[in-house]
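Contents: one structure, followed by commentary.
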Amino acid sequence: MTMEQVRQAYASVAELYIGLFGTSQQVHADDLAFIGRHLAGRPGAVLDLGCGPGHLTDHLRSLGADATGIDLVPEFVAHAQAAHPGGSYQLGSFEDLAVADHCVAGVLAWGSLIHLPPQDLDGVLAELRRVMAPAGRLVVAIFVGDEVAAFDHKVITAYRWPVDEFSERLARAGFAEVERLQRPSEGPHRPHAAIAAIATAG
């Protein structure tokens, strides 16, 4: 599976997706608090990678972050620009960020890494580490399972991870976990985890 396939899949359901998930009011309060705790008010640029409709980028900006939303899907970027005209949104991919080394204070990847085949994760984490300033903060959200495994996500194939194993991948890429939030399945919602990590020296 390629990122172009992911882009096409989300483009085909963009209007429905925006209706279901396009505002911060549709995000769990604990998740908003977690994001804010680690990325709000940080001096320097914050990137919301896979920003979708732009609601979390806008939420970060409301908390004082200099946040820019980046997404593969033109329909999402167009919606975000229209819905949040004071914000900054652009097309791009976390596989190859058009950003200089060590210049980003924070990165939010909220559910945007779930479609990466496991063998591609380390390369993307290395790219996130490349752009991260010293002591920069990374916040990711993933689906959780007992083993790394693909599942039939409603849009396109996604992957679940054991949280400890994902944290080990972060450590290998140069990030140290500082906080973890886990939530079991609730109704139609799959088990979920958020990890906040700091860029380590080196």
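Here is a list: Leu63, Leu72, Leu56. Which entry is closer than 25 Å to Pro191 by Cα and among the aliphatic types (A, V, I, L, M)?
Values: Leu63 fails: closer than 25 Å to Pro191 by Cα; Leu72 fails: closer than 25 Å to Pro191 by Cα.
None of the others qualify; the one that does is Leu56.
The rows are residues; the columns are (1) under 14 Å from the mean Cα position of the chain (by Cα); (2) polar (S, T, N, Q); (3) under 23 Å from Glu179 (Cα atoms).
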position	(1), (2), (3)
Gln25	no, yes, no
Ala40	no, no, yes
Ala78	no, no, no
Gly111	yes, no, yes
Ile114	yes, no, yes
I'm told Val99 meets every condition in (1) over 23 Å from Tyr10 (Cα atoms); (2) within 17 Å of the chain's Cα centre (by Cα); (3) of a type outside the set (Lys, Arg); (4) at pLDDT 95 or above except one. Can you identify the failing condition by its number?
(4)
Just checking, how many residues over the range 149-178 are more than 16 Å from the chain's Cα centre (by Cα) and not small (Gly, Ala, Ser)?
13
Long-range neighbours under 6 Å by Cβ, at least six apart or interchain, first residue at negative phi within the range 89-106, second in a loop (DSSP other than H, G, I, E, B):
Tyr89/Gly54; Ser93/Leu72; Ala105/Arg42; Ala105/Gly44; Gly106/Arg42
Which members of the range 156-196 meet the condition of being in contact (Cβ under 8 Å) with a residue 40 or more places away in the chain, in a loop (DSSP other than H, G, I, E, B) and closer than 27 Å to Arg7 by Cβ?
Ile156, Thr157, Arg190, Pro191
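Would you check if there is a residue in the range 118-139 being modelled with pLDDT under 90 and of a type outside the set (Lys, Arg)? It would help to see each step written out before you state the result.
Of the range 118-139, the ones modelled with pLDDT under 90 are none.
No, that holds for no residue.
The values are calculated or read from the model by the stated rules, or taken from the named source; none is laboratory data. What you are looking at is a predicted structure, and each value in this text was computed from that prediction instead of being measured. A quick note on method: Cβ atoms are made from the backbone with ideal geometry, for glycine too, and the neighbour counts reach across all protein chains shown.
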